[in-house]
Amino acid sequence: MKDDLHYMPIKIGEVELKNPFVVASGPTTKRVDQLELAEREGWAAASIKLTMIPDPYINYEPRYRWLKKEKLHTFTAEYRLEMEQGLRLVEAARRKCREIVIIANYSCVEPDLEGWQDAARRFEAAGAQMLELNFCCPNMSFNVDVLSQGKKEGRPSSGASMGDDENFVRLVTEKTREVTSLPVIVKITPEGGRIAEVSKAAYDAGATAVCSAGNRLGIPSIDVWNYKKPIYHLQGENTMGALSGPWIKPLALRDVFEIRRLVGPGPSIIGTGGVASWEDAVEMMMCGADSIGVCTQTMLSGFSFLEKWMKPLKEYMRKMGFQRAKDLRDLLLEEIKPATDLTIWAGYAQVDLTKCSSCGLCVEIGHCNAIVMTDDGAQVDSEGCQGCSTCIDICTKKAITMVETGQVIMRDDINICV
């Protein structure tokens, strides 16, 4: 087993995963055949589709869009499992799957806590190897909360509507811990802006790990010429969508980073959001994640790409001198500095006229008046250049570089270009 391509073990609590990669709860974990395929392709664990307790009060056939230009996936309508469906799925998966770790993902919308405890008992009896308390889904009650200005009108709360309340998350985690010895993962919304504080409350209450969320509630692209028509096929109205995909990775990295900075090196974190390559996974671990949850990429590409990730990931680790996945963890924690601690170098842009095509893009930069076009090509006034580097990123010919002239500690003046 230890020479297996997919073997790069990590632990969540006392449960060993053969590698850090988890199929996150979503549309690719709602059937047994999907879980079997994920196992065959080498995934270490899978969190089943969200189970709602009692029955889901909003449950439609799914409506998705993949906006390739924006690298954005969005969904509005979605299907959730009922309790009996979730239990049968876990039971069947444990009968048919031998290696992949099965995680029960669920949320209870009843006003008391007995439903959470009962679900923990029943999923453990069904064979779940971990429990994932879902406080993150933004597309049900939270969606309605936002659009109704917070007026709940007797409607039950679920997902992100509960996930920014650290006292409620703490209480549910405590009550769940009372009735099970399984590892308890708490999946937390970032929507309230306090994912680190809520995560700490979950850990303090006995959570084995927390999982960050891989989507945000938002409004995707609109056809301004036909703005009343929704972008979703077979749907009659516009609405907010749960947005995921590569665009979200910078926010997801921040979520994991903030959690790790607050809670320290001990607890486990499952990082999710925008992971679409092995490099993305490395970034997530460097920011504090022990394991990596992937959903959107499995929706778009299935499960077989994991092998294409593991080969270069292992080669990267070999070249960098890393022995274990854990060696990657937290490497950026001390490297990411607050603005007060930045070192800014004085300098200016310089154009290589042998590469410059005189396209004029750099001359049009709105905040800069240091670049002019001459007969030979673009030319930079080194005295007027602020060193912002926008021109480097705009240049299509890679003709511009920065020249460093010294260190600037902090500016106490403001130059206004006129």
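Every read-out reported here was derived from the displayed coordinates using simple, explicitly stated rules and does not represent laboratory data. The structure presented is a predicted model; accordingly, all values stated were derived computationally and were not measured. Ideal geometry is used to build each Cβ from the backbone, glycine not excepted, and the neighbour counts take in all protein chains shown.
Some values worked out for this structure:
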item	result
Alpha-carbon Rg with Dmax, taken over the stretch 339-408, Å	12.4, 43
DSSP beta bridge pairing in the stretch 1-134, given as percent antiparallel to the nearest 5	35 percent
Hypothetical label at W225: residues of the stretch 58-90 whose amide nitrogen lies under 12 Å (7 Å Cα-Cβ projection)	none
Packing rank of 165-178, 266-279, 222-235, where each peptide gets the mean count of other beta carbons within 10 Å, highest leading	266-279, 165-178, 222-235
Entry for Kirkwood radius over Cα pairs in Å (calculated from the structure that is shown) out of (1) 32.1; (2) 22.0; (3) 23.6	(3)
Value of relative contact order over the stretch 298-418, rounded to a whole percent, pairs C-alpha under 8 Å and six or more apart	29 percent
Over 22 Å (Cα to Cα) - which of K18/K308; K18/K200; K68/K229; K30/K308; K249/K398 fall in this group	K18/K200; K30/K308; K249/K398
Mean projected area (nm²) of the alpha-carbon convex hull when the stretch 270-397 is viewed from all directions	12.0 nm²
10 Å binning of all Cα-Cα separations within the stretch 1-84, expressed as whole percents from 0 upward	15, 34, 32, 17, 2
Relative contact order %, the stretch 10-328, counting alpha carbon pairs below 8 Å whose residues are six or more apart	18 percent
